[in-house]
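A.B. asks: Handing you this structure, nothing more for now.
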Amino acid sequence: MPMDEIVVPVGSDADVMLARQKARGLAKPLRFSSSELTVIATAISEIARNIVSYAGSGTIALQLVERGKTRGLTVVARDQGPGIADLVRVMEDGYSTSGGLGLGLPGSKRLMDEFDIVSTPGKGTTIVMTKWER
């Protein structure tokens, strides 16, 4: 069944919070526990903060999805920022180009059930991640 997509423009910390809230609202009818909703919100925060920090602006698209009888929430983060030159390195725990803890991308990958990242230096980054109902 085709479902509506919610797109949240991201360019500030307030937008990061809005993306979290929209995801919680959209995922509410699914069989996610409150802790799973927190996990989804945390992964979105990490990815959206990266958009603000590294690209300046981008979008977070949220969509309910189905695979057979299982439902989930897919999050697509897109930006036209500088891109990531070394995807393997950036997915290592502890690697940071900003002096942070380096847990954002690898942490988000661990929190979600599916995670894919495509980045082209000079063109931007797209991350697709999905959390499925248990």
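Each reported figure results from applying straightforward, stated rules to the coordinates on display, with no laboratory input. For clarity, every value in this text was computed on a predicted model and none was experimentally measured. Neighbour counts run over all protein chains shown; Cβ positions are idealised from the backbone, glycine included.
A.B. asks: Which stretch or stretches of the stretch 49-82 have amide N atoms under 12 Å from the point lying 7 Å from ASP113's Cα along the Cα→Cβ direction?
C.D. replies: So the set is 65-74.
A.B. asks: Sticking with this structure for a sec: Would you mind checking which residues have amide H under 5 Å from VAL10's amide H? H placed 1.01 Å from N; only 5 or more apart, or other chain.
C.D. replies: GLY58, THR59, ILE60
A.B. asks: For the pair SER53/LYS123, report the inter-label distance in nm, with labels modelled 7 Å from Cα in the Cβ direction.
C.D. replies: Roughly 2.5 nm, to one decimal.
A.B. asks: If I take every Cα pair under 8 Å that is 6 or more residues apart in the chain, average their sequence separation and divide by the length, what percent do I get for the relative contact order? Please report the intermediate quantities before stating the final value.
C.D. replies: Details: 267 pairs, mean separation 34.9, N = 134.
Relative contact order here is 26 percent.
A.B. asks: Quick one: which residues, 5 or more positions from ARG71 or on another chain, have an amide H under 5 Å from its amide H? H modelled 1.01 Å from N in the peptide plane, none for Pro or chain starts.
C.D. replies: GLU133
A.B. asks: Once the other residues with Cβ under 15 Å from the Cβ of ALA14 are scored (Lys, Arg +1; Asp, Glu -1), what is the net sum?
C.D. replies: Values: positive: ARG20, LYS22, ARG49; negative: ASP13, ASP15.
Residues close to ALA14 contribute a combined charge of +1.
A.B. asks: Report the local net charge at LEU62: Lys and Arg +1, Asp and Glu -1, summed over other residues whose C-beta lies under 14 Å from its C-beta. Spell out each step's value before the answer.
C.D. replies: On the way: positive: ARG20, LYS22, ARG24, LYS28, ARG71, ARG78, LYS131; negative: ASP4, GLU5, ASP15.
That works out to +4.
A.B. asks: In a shell of Cβ-Cβ distance under 14 Å around LYS131, excluding LYS131 itself, what net charge do Lys and Arg (+1) and Asp and Glu (-1) give?
C.D. replies: Working: positive: ARG20, ARG24, LYS28, ARG31, ARG67, ARG71, LYS109, ARG110, ARG134; negative: GLU36, GLU46, GLU66, ASP113, GLU114, ASP116, GLU133.
Overall, the nearby charge balance is +2.
A.B. asks: List the equivalent ellipsoid semi-axes of the chain in whole Å, largest first, each obtained as the square root of 5λ for an eigenvalue λ of the Cα gyration tensor. Walk me through the numbers before you get to the answer.
C.D. replies: Numbers: eigenvalues 116, 47, 38 Å².
Equivalent-ellipsoid dimensions as semi-axes: 24, 15, 14 Å.
A.B. asks: What is the spin-label model distance, in nm, from GLN21 to ALA61 if the labels are put 7 Å beyond Cα along the C-beta direction?
C.D. replies: Rounded to a tenth, the inter-label distance reads 2.4 nm.
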